[in-house]
Every structure is written in structure tokens, then in C-alpha cells.
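Following: one structure in C-alpha cells, then a few remarks.
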Amino acid sequence: MEELIAAIVGEVLGSVHQAFAEAARQSPPAPPDELVAAVLGRTLAARENLTVDGRPAFPRLVIQVWAETLRNEELAAVLREGYGSVRGAWARIVESYQSVGMMDADVTPDDVARTMIASVMGFLAQQSLFGPVPVEVLRDGLRALTSMRGEGAATRGSQLG
């Protein structure tokens, strides 16, 4: 059973990596909000038939897999490798954004990659806890966060430190 779970995890993360790797080859890639929504939307849609009591099961299965990594080092290694490849693809996307002036160059690409992965992980955790929500909610939230510009945004940021 553990081998089957590892194979499924590897397949899902492999398809996510492929989608982001393809996006990294675009010049420029789609904006982060659209890109995340498209890839996550496809990932969820491909597994929409997985239901328990009429609710989508995939987000809950993701959380269970994360928990399983606490006791299963082989599965943890599969996740580290899979998320590492997704993070690498996201870092290349960020570098593309930076090279065309879509994103400030003073931010480390890996920092942005980790943040994008964290936002998707958090979205899946919320779906698991609170029920299904369309990916457009994540897309719109990311769009709002990435659209902050101007003096007001800079002033607010400096007040936190």
C-alpha cells in the first residue's frame, strides 16, 4: 500500500512539475495568479471523482500523505524530491519574470518559489478543513497580493520591521 501511495504522489508531483517547467519555457510565463490557478485547477479536476460522502477527497488525501511522512521516511523522500523539482521550476519562472521586468530582481527566486508552494499547500489544507472552494479564490487572492504597488505598499511594509 505504501508503494502505491508513493507512486501516486510521484505521479501528481511529476505532472505539477511538468506544468510549471513548461511555463518556465514561456517568455514571459503567465502571471503567478493565473499560473497557479491553472495548474491547481487541472490537478484538482483530474481527481474530482475521488469523493468521500459527496465531498472531494483529494485535498484530505494530501493532508494524510503529509502526516504519513512523519513516520515513513521513503514517502518523505518522494515528497522532498517532488516538491524540490516543483520549487526548481518555480524558481526558473521567477527568473523569467525578473528578466522581463515583471518582478523585482532583489527577491531571491527560491524565496518566491517556496512562497508559491506554501500558498497552494495552505489552500489545500483549507479545502481539507473547510470544504471545497473554487481555485479562483486562490487566484484572486494572489492577484490582489501581487498587485500591491506604489508608496502606500512600500510604507506599510516598512512599518512591520
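Before moving on, here are some points about what is shown:
- A convex hull fitted to the Cα coordinates of the chain yields 132 cubic angstrom per residue.
- Principal-axis tilt of helix 109-130 within the chain, Cα atoms, nearest 10 degrees: 50
- Kirkwood hydrodynamic radius over Cα pairs of the stretch 1-49, then Stokes diffusion coefficient at 20 °C and 1.002 mPa s, in µm²/s: 181
- Counting only protein heavy atoms and a probe of 1.4 Å, the accessible surface of the stretch 44-97 is 53% carbon and sulfur.
- Sparse-neighbour loop sites [GluC sites (Glu not before Pro); the stretch 44-86; at most 16 other C-beta within 10 Å; DSSP]: 48
- Axis angle, to the nearest 10 degrees, between helix 73-99 and the longest C-alpha principal axis of the chain: 20 degrees.
- For the chain, the 222 nm mean residue ellipticity estimated from helices alone, with every DSSP H stretch of n ≥ 4 adding -39500 (n - 2.57) and the total spread over all residues, rounds to -25000 deg cm²/dmol.
- Ratio of the Cα radius of gyration of the stretch 1-84 to 2.2 N^0.38 Å, where N counts its residues: 1.20
- Per DSSP, loop trypsin sites (Lys or Arg not before Pro) in the stretch 50-111 with at most 16 further Cβ within 10 Å: 71
- Simple spin-label estimate for residue 111 and residue 126 in nanometres, 7 Å along Cα-Cβ: 2.4
The values are calculated or read from the model by the stated rules, or taken from the named source; none is laboratory data. Just so it is clear, the structure is predicted and the values come from calculations on it, not from any experiment. Virtual Cβ from ideal backbone geometry, glycine too; neighbours counted across all protein chains shown. The area values use the complete protein model at the heavy-atom level, side chains included, leaving out ligands, DNA and RNA. Shrake-Rupley method; radii C 1.70, N 1.55, O 1.52, S 1.80 Å.
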